[in-house]
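Since the structure comes first, as structure tokens, the remarks are kept for the end.
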Amino acid sequence: MNPTIAAIDAIEILDSRGNPTLRVWVRLTNGIVAWADVPSGASTGQFEAHELRDRNDRRYNGLGVRRAIANVVGVIRPALLGHDPTMQPEIDRLIIDLDGTAQKTNLGANAILGVSMAVARTAAQALGLPLYRYLGGPEARRLPVPIMNIINGGKHASSGLEFQEFMIVPHGAANFAEALRYGAQTYHSLKAILHRQGLSTAVGDEGGFAPRLSGNEKACELIVAAIEEAGFEPGKQIAIALDPAATSFHGEAAYDIPSWDSRPKTSADLLGLYAGWLERFPIVSIEDGFAEDDWSGFAGMTAQLGDRIQIVGDDNYVTNTKFIRRGIAEKTTNAALIKLNQIGTVSEAVEAVELCREAGWRFVISHRSGETTDAFVADFAVAMGGGQIKTGAPARGERVAKYNRLLEIEHELGSLAMFADPFAKGRP
């Protein structure tokens, strides 16, 4: 007989921004214990699963998670005792039904996700499998290309840049370890360039540098210079990916980009900017290039540029199959970002990935800006086999933990490990 869930507990810990989050433990009847930490986002979509906070201003400025912990211990634990941890979809569905709301507002997605991830870990241990193999099956062996945020703007830094993430994509490497080396060397070259120009090398939430620049275009210019100074060929070995997070600078009817000029910008203006940048910079992916409710803007971009670059929806989809289905029907993008805490359970994140696969879309497994040293997302990326992970700069412990876990997985797989350029012509 399989071991069953014997105990569940949780405590309040701190994330990489110094804000509270949850660590959840699950113990099985055979003594196996596993834990999981819950990440938190800063740039969030309006339809994301609800993160339950205490709202008591006398503790952590209202951001405490004691209410979420009480739900783990007082509501979720009694319902799961005696259940087989290997029945992940059934367990996740039971918790979703316990909550009873579309966005998990009663129990809190942070409470639910912590339990869901910890259950998955205990099940993997009970079966004697690494987490990526348990979640992805015997064919899980594709290491992802790291998409590394090396200049932070928007809500991730006080750099004055409207666009939130300027990333490098070392897609031309032979394996994951080499891709990580490409990225780390470029990151350090960028630091040296910033230092020579008298610009700040302080970092933002995701470990990327946060210099005060004249505009978003300047960030791309610096990254190209850093790629070249590190000894790599822009476009061939290392490309650029952008996450403008356009919802954050979208007003009632237009986009406000003061570093461009004072005139409010239409969706057509923004599309013109992106199209022009494709001629100047080696860009392979743009995420959230329009606001979350600007579906026509996304569709126009996909119609015009979708055969040239990856166009990723994040805030408009929030890892929710309902919105991804709409995107597929309306040809809104050709890829989706997948964040576990946007939807709140492991099973629902897997369903979102499966929907992308069915549509022939790419998908990118992603961290959040408020992270911990938990590397669950690294195993999840290998399990899903999409060939892309977005988990910050090659700096700060909570980001490096994910990269180091991927190095471990590649080493463990040995000759079975696969690493393929998702942006090569004809590749999925």
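So for segment 385-428, what percent of the C-alpha to C-alpha distances run longer than 11 Å? Cα-Cα pairs in segment 385-428 separated by more than 11 Å: 71 percent. The mean accessible area for residues of the chain, using a 1.4 Å probe and ignoring ligands and nucleic acids, is 38 Å² per residue.
Taking every alpha-carbon pair under 8 Å whose residues sit at least 6 apart, segment 341-428 reaches a relative contact order of 26 percent.
Counted as membrane-span-like here are DSSP H helices of the chain whose alpha-carbon atoms extend 18 Å or more along the helix's own axis and whose Kyte-Doolittle mean is 0.0 or above; these are 109-126, 216-229, 267-280, 346-359.
Rounded to the nearest 0.05, what FRET efficiency is calculated for LEU416 and GLU228 with R0 set to 56 Å and r the Cβ-Cβ distance? E(calc), rounded to 0.05, equals 0.95. With all pairs of different alpha carbon atoms counted, what Kirkwood hydrodynamic radius in Å does segment 102-144 show? Kirkwood hydrodynamic radius for segment 102-144: 11.9 Å. Dividing the mean sequence gap of close Cα pairs (under 8 Å, 6+ apart) by how many residues the chain holds gives a relative contact order of 19 percent.
Highest-first packing order for the peptide set 67-76, 285-294 is 285-294, 67-76, based on the mean count of other beta carbon atoms within 10 Å. Taking a quarter of the surface of the Cα convex hull of segment 344-396 gives a mean projected area of 4.0 nm². When its C-alpha radius of gyration is set against 2.2 N^0.38 Å (N residues), segment 1-131 gives a value of 1.04. Once you've got the Cα coordinates, tell me which of LYS155/LYS191; LYS218/LYS322; LYS236/LYS331 are over 31 Å apart. Over 31 Å apart, Cα to Cα: LYS218/LYS322. Across the chain, the convex hull enclosing all Cα atoms gives 135 Å³ per residue.
The alpha-carbon atoms of segment 148-273, seen along their principal axes, cover 45, 29, 21 angstrom, with the largest extent given first. Only Cα sites of segment 237-367 enter the Debye sum here, all with the same form factor; the resulting log10 I(q)/I(0) across q = 0.11, 0.20, 0.22 1/Å is -0.37, -1.14, -1.31, listed in q order. Normalised by the number of residues in segment 1-109, the mean separation of alpha-carbon contacts (under 8 Å, six or more apart) gives a relative contact order of 29 percent. Estimated from helical segments only, the mean residue ellipticity of the chain at 222 nm is -11500 deg cm²/dmol, where each DSSP H run of four or more residues counts as -39500 (n - 2.57).
Relative to the Cα centre, the charge distribution of the chain, modelled as +1 at Lys and Arg Cβ and -1 at Asp and Glu Cβ, gives a dipole magnitude of about 580 debye. Atom-type composition of the exposed protein surface of segment 53-129 places 50 percent of the accessible area on carbon and sulfur (1.4 angstrom probe). Over all pairs of different C-alpha atoms in segment 237-288, the reciprocal of the mean inverse distance, the Kirkwood hydrodynamic radius, equals 12.0 Å. With both residues required to sit in segment 187-338, DSSP beta bridges show an antiparallel share near 25%. Can you give me the pair-distance distribution of segment 1-49, C-alpha pairs, 10 Å bins, whole percents? Going out from 0 Å in 10 Å bins, segment 1-49 shows 23, 35, 27, 14, 1 percent. In a DSSP loop and with at most 11 other Cβ atoms within 10 Å, the GluC sites (Glu not before Pro) in segment 220-284 are GLU252.
The values are calculated or read from the model by the stated rules, or taken from the named source; none is laboratory data. The structure displayed is predicted, hence computed values, not measured ones. All Cβ positions, glycine included, derive from the backbone under ideal geometry; neighbour counts span all protein chains shown. Heads up: the accessible areas ignore ligands, DNA and RNA and are worked out on the full protein's heavy atoms, side chains in. Shrake-Rupley method; radii C 1.70, N 1.55, O 1.52, S 1.80 Å.
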